[in-house]
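Accompanying notes for the structure given below.
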Amino acid sequence: MAEQTLDTLFHETLKDIYYAERKIGTALRKMARAAQDPELKAAFQTHEQETQAQYERLSEVFDALGKRPTGKTCDAIEGIIAEAQEIMEEFKGSPALDAGLLAAAQAVEHYEIARYGTLKTWAAQLGLADAERLLDQTLQEETATDEILTGLAETVINAAVQG
């Protein structure tokens, strides 16, 4: 059995988030179609476009490592997306739909922030400056998206759902 190193863990986690970003892009398209509030719909559409750029940026990280971009099933994101799908089905047409969609989107963002923060730290420890820079760019975007979603939750979406 090959030695399990931080480099190996970094590469395996990179494959995990590569898979997750592809799934997230698809989920965001569905969530944008389901969203009732125009601001929330626009936020999902904007983040879906950003997600495509992040997916491509991950390919650059793989290239910097001299590895072919590949994904591996991410059970965590599969579960979060399944919950979002449930919300879309169970709350369709309900005033609570957008609040549920927003909460699901924030669960995705928090997962991504955790993954990108970890990968950035590991890249720095491994001396992978290009990968660190690319991962930090995505981490900053994910953090900004989470702040936008929090703002929508606090000022528009949750206030619209009373009772």
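Looking at ALA103, ALA123, can you tell me which residue is open to solvent by 30 Å² or more (accessible area, probe 1.4 Å) and of a type in the set (A, V, I, L, M, F, W, C)? Even if it seems obvious, please write down each step before you answer.
Working: ALA123 fails: open to solvent by 30 Å² or more (accessible area, probe 1.4 Å).
Testing whether each residue is open to solvent by 30 Å² or more (accessible area, probe 1.4 Å) and of a type in the set (A, V, I, L, M, F, W, C) leaves just ALA103.
I'd like the full set of residues that are out of contact with any Asp or Glu (no Cβ under 6 Å at 6 or more places or on another chain) and either assigned to a helix (DSSP H, G or I) or under 22 Å from ILE148 (Cα atoms) (or both), limited to the stretch 52-74.
GLN52, ALA53, GLU56, ARG57, LEU58, SER59, GLU60, VAL61, PHE62, ASP63, LEU65
Cβ-Cβ under 8 Å, sequence separation 6+ or interchain: first residue in the stretch 45-62 and under 15 Å from ILE113 (Cα atoms), partner open to solvent by 30 Å² or more (accessible area, probe 1.4 Å). Which pairs?
GLU50/GLU141; GLN54/GLU141; TYR55/ARG22; LEU58/PRO69
Report every pair of residues separated by at least 6 positions or lying on different chains whose Cβ atoms are under 7 Å apart, first residue within the stretch 9-32 and among the basic types (Lys, Arg), second outside any helix (DSSP H, G or I).
Sorted first by the residue in the stretch 9-32, then by its partner, the pairs are LYS15/THR70; LYS15/GLY71; LYS15/LYS72; ARG22/GLY71.
Taking the conditions exactly as written (touching a residue at least 60 places away in the same chain (Cβ under 8 Å) and farther than 30 Å from ALA123 by Cα), does GLN36 satisfy them or not? Quick ask: steps written out before the conclusion?
On the way: touching a residue at least 60 places away in the same chain (Cβ under 8 Å): yes; farther than 30 Å from ALA123 by Cα: yes.
Considered against the rule, which asks whether it is touching a residue at least 60 places away in the same chain (Cβ under 8 Å) and farther than 30 Å from ALA123 by Cα, GLN36 comes out as yes.
Conditions first: (1) over 15 Å from HIS110 (Cα atoms); (2) out of contact with any Lys or Arg (no Cβ under 7 Å at 6 or more places or on another chain). LEU149 passes all but one, so which condition is the exception?
(1)
If I ask for residues that are of a type in the set (S, T, N, Q) and farther than 30 Å from ALA131 by Cβ, which ones from the stretch 88-117 would you list? Before you say what the answer is, go through the steps one by one.
Step one: of the stretch 88-117, the residues of a type in the set (S, T, N, Q) are 94, 106.
Once the filter is applied, which keeps residues that are of a type in the set (S, T, N, Q) and farther than 30 Å from ALA131 by Cβ, the stretch 88-117 yields only SER94.
Quick one: ALA114 ticks every box in (1) within 19 Å of ALA76 (Cβ to Cβ); (2) surrounded by 15 or more Cβ atoms within 10 Å (Cβ to Cβ) bar one, so which box is it?
Of the numbered conditions (1) within 19 Å of ALA76 (Cβ to Cβ); (2) surrounded by 15 or more Cβ atoms within 10 Å (Cβ to Cβ), the odd one out for ALA114 is (2).
Within the stretch 25-39, which residues are farther than 16 Å from ALA144 by Cβ and either open to solvent by 70 Å² or more (accessible area, probe 1.4 Å) or not hydroxyl-bearing (Ser, Thr, Tyr) (or both)?
GLY25, ALA27, ARG29, LYS30, MET31, ALA32, ARG33, ALA34, ALA35, GLN36, ASP37, PRO38
The values are calculated or read from the model by the stated rules, or taken from the named source; none is laboratory data. Owing to the predicted nature of the structure, the values given are computational and were not obtained by experimental measurement. Cβ coordinates were reconstructed from backbone atoms using ideal geometry, including for glycine residues, and neighbour counts include every protein chain displayed. Note: areas computed on protein heavy atoms with side chains; ligands, DNA, RNA excluded. Shrake-Rupley method; radii C 1.70, N 1.55, O 1.52, S 1.80 Å.
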